[in-house]
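Worksheet: one structure, shown below.
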Amino acid sequence: MKRRPPAAEAGLPPPRSEDAAGTGAGSTRAGARQAAELHDGLRGLREELLLWTEYTRPGGPLQRNHSQFARIAATLSGAISATQERITVPPPADLPAEVLDLHHIWDYFRSKLLLRHIPSHATFLTVADELAWSGYRAALTAAGGAEVPKEPPLVCLHRDASPRAHRKGSQYRDLLPRGGLHTVPGSHLVRHLPFPVVQLPWSHRNHLPGLLFVAHEVGHHIQDDLLRAGTLPSRLRHSTPDASRAALWSDWADEAFADICACLIAGPAYAAVLADSLAVPSGGSGSGADRYPPPLLRLRLCLAALRAAGHGPRESVTAAVAEFLAGREDEDAEARAVAAALLCDPYEELGGRRLADVLLLTRPGEGESAAGRLLAGRESGTAGAPAPALAGAAVAFGRDPGGYAGRRVHQRVLDEVAAAVPEGIRHRPGAGGAPDDAALGRMLLDAARATREPMGATAD
C-alpha cells in the first residue's frame, strides 16, 4: 500500500492555526479530525480524477472520451479548489454536505464511463458514440469557426423508457442518481452540463435497430449547438400558406428537424424503426406529446425527406412503414413542403450548405445492400461506417427477424463497426476549454455562497 502524502505534498492547504481555538481541547481535536476527514474526501476525488485522466489520455483505454472527461475534470477541479479553501478547524457546518455533493456529481459521469470498461457493454457504447459522433462531426465540420463546440455527445443507458437528448449547458440536477443534492453550491454546479448527452433506454442495449434513435437525438444537438434560435420557426412559417398550420409546425419544429436529420443519417431504416415505435400504444398523449406531429404525419414527413434525399419509394416504404400506413401511402403536400424547407434550403450556420449535403451518411440503396450481405453471413460492405452498417442491421431485422438472430447480425455489426473506429480522441480540432471550465466550477460555487438562496429555488 502506498504511503499517503502529507497535506502540503498533496497540494492541500493545511488547517489554519487561527481556527484551532475552540471551547476546549476536546472540541479542537474533534474539529481537527473533521477537517482532516474533509481533506481526505477531496483528496480521494482528486486522485480518482487523476486516475481517469490516465484512462482517457491519448493511447489510453478510453482515449475516445478524452475531450469529454477533460471538461468534467476541469469543472470539478475548480470546485474542489474552492471547497478546499473553506476548510477550517472546526469546519463550517455545511462543508461535509458540499464535499458529498461533489462526489455525487462526479458519480453521474463516473457511472457512464465505468460501463465502457465492461466488455459486454464497451463495444455497444463505442459504436453508439461513433454513430453520434459521425452525424455531429459532419455538422460541426460544415459550421466551422473557433466558437463551435468540440466535444462529441456521450451516449449513455438509462432507466427512462424513451431516448432523450440533454443539451450542453443545460441543468442536469434531475439526471443525477437518486438521493439529490444537499447544498446550494452543489445545485449551482449542475446548472451547466459540460457536453451533449444522448440517453437510451437500457432495453435498446440488445436491440440494435433501436440504436438508430441516436441519430434523432443528434439532430437535437445539432440544432441546439449550431443553429440560431429562430432559424427553424422562420423556415416553417413560410412552408405553408395556412397560418394555423404554420403555427403548429412551428411548435413541432424541433422534433421535425430531428426526424429529418435521422432520415439523412440512417436512411429508410430510421423510418422503419420509427414506424415500429409509433405502432406501440403509448398510453395517451403523455408528457411532451404535443411537441411531435401526429404519428401519421410524422411518418409522412420522414418519407418526404427520404425522397427529397434521393431514396426511391420502393426502398423508403419498408414493410414496417407499409404496415403502419395501412394503405395511406399517398404523399402529403404539406409534409413535402416542410421537408423541403428543412432539408433543401441552405443554412447560413452550416457554411451555406443544405442539410442534405451535410448529413447524408446512408446513401440511397446502401442500407438495403448491407442488409442482404448481413443476412447472407457476410460483412455489411460499408467499411464499418456506423450509419450505413447500423441501417443495414435494422433493415435485416425488419426483413427477416429469424435470420437476423440466427446469423448473429447484432454482434457481427457491433464488432465490424467497433473494429473500424479510428484510434485517438474524438473532438473537433481547436483550442481546449479546460481553464474556462475550472473557472466556471469555482465561479458557480462562489456565486451560490454569495446568494444564499434556498435549495428549492435553484433549479432552472
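Before moving on, here are some points about what is shown:
- Residue in the range 44-65 that is buried (at least 18 other Cβ atoms within 10 Å of the Cβ) and small (Gly, Ala, Ser) present: no
- Just so you know, in the range 45-101 the residues that are in a helix (DSSP H, G or I), among the aliphatic types (A, V, I, L, M) and over 27 Å from the mean Cα position of the chain (by Cα) include one that is nearest to residue 29 (Cα to Cα), and it is 95.
- Scanning the range 321-350 for residues that are of a type in the set (D, E, K, R) and open to solvent by 60 Å² or more (accessible area, probe 1.4 Å) turns up 323, 328, 329, 330, 331, 336, 345, 348.
- Screening the candidates 119, 90, 96 for the property of being open to solvent by 30 Å² or more (accessible area, probe 1.4 Å) and touching a Gly at 6+ places or on another chain (Cβ under 7 Å) yields one hit, 90.
- 1 or more residues at pLDDT below 95 and of a type in the set (A, V, I, L, M): qualifying helices (runs of 4 or more DSSP H) within the range 311-351: 319-325, 333-343
- The sole residue among 186, 135, 210 that is part of a helix (DSSP H, G or I), open to solvent by less than 10 Å² (accessible area, probe 1.4 Å) and either within 26 Å of residue 80 (Cβ to Cβ) or touching a Gly at 6+ places or on another chain (Cβ under 7 Å) (or both) is 186.
- Filtered by the rule that a residue be out of contact with any Lys or Arg (no Cβ under 8 Å at 6 or more places or on another chain), open to solvent by 10 Å² or more (accessible area, probe 1.4 Å) and assigned to a helix (DSSP H, G or I), the range 189-207 gives 203, 204, 205, 206.
- Answer from 281, 293 - the residue that is touching a helix residue (DSSP H, G or I) at 6+ places or on another chain (Cβ under 7 Å) and part of a loop (DSSP other than H, G, I, E, B): 293
- The residues of the range 229-256 that are part of a helix (DSSP H, G or I), aliphatic (A, V, I, L, M) and open to solvent by 30 Å² or more (accessible area, probe 1.4 Å), listed by number, are 243, 247, 248.
- Residues (farther than 12 Å from residue 197 by Cβ and either part of a loop (DSSP other than H, G, I, E, B) or modelled with pLDDT of 95 or more (or both)) located in the range 143-159: 144, 145, 146, 147, 148, 149, 150, 159
- Search result, residues across the range 351-361 that are open to solvent by less than 40 Å² (accessible area, probe 1.4 Å) and closer than 25 Å to residue 247 by Cα: 355, 356
The values are calculated or read from the model by the stated rules, or taken from the named source; none is laboratory data. Given the structure is predicted, the values throughout are model-derived calculations rather than measurements. Neighbour counts are summed over all protein chains in view; Cβ atoms, including those assigned to glycine, are modelled from backbone coordinates with ideal geometry. Surface accessibility is based on the protein's heavy atoms, side chains included, excluding ligands, DNA and RNA. Shrake-Rupley method; radii C 1.70, N 1.55, O 1.52, S 1.80 Å.
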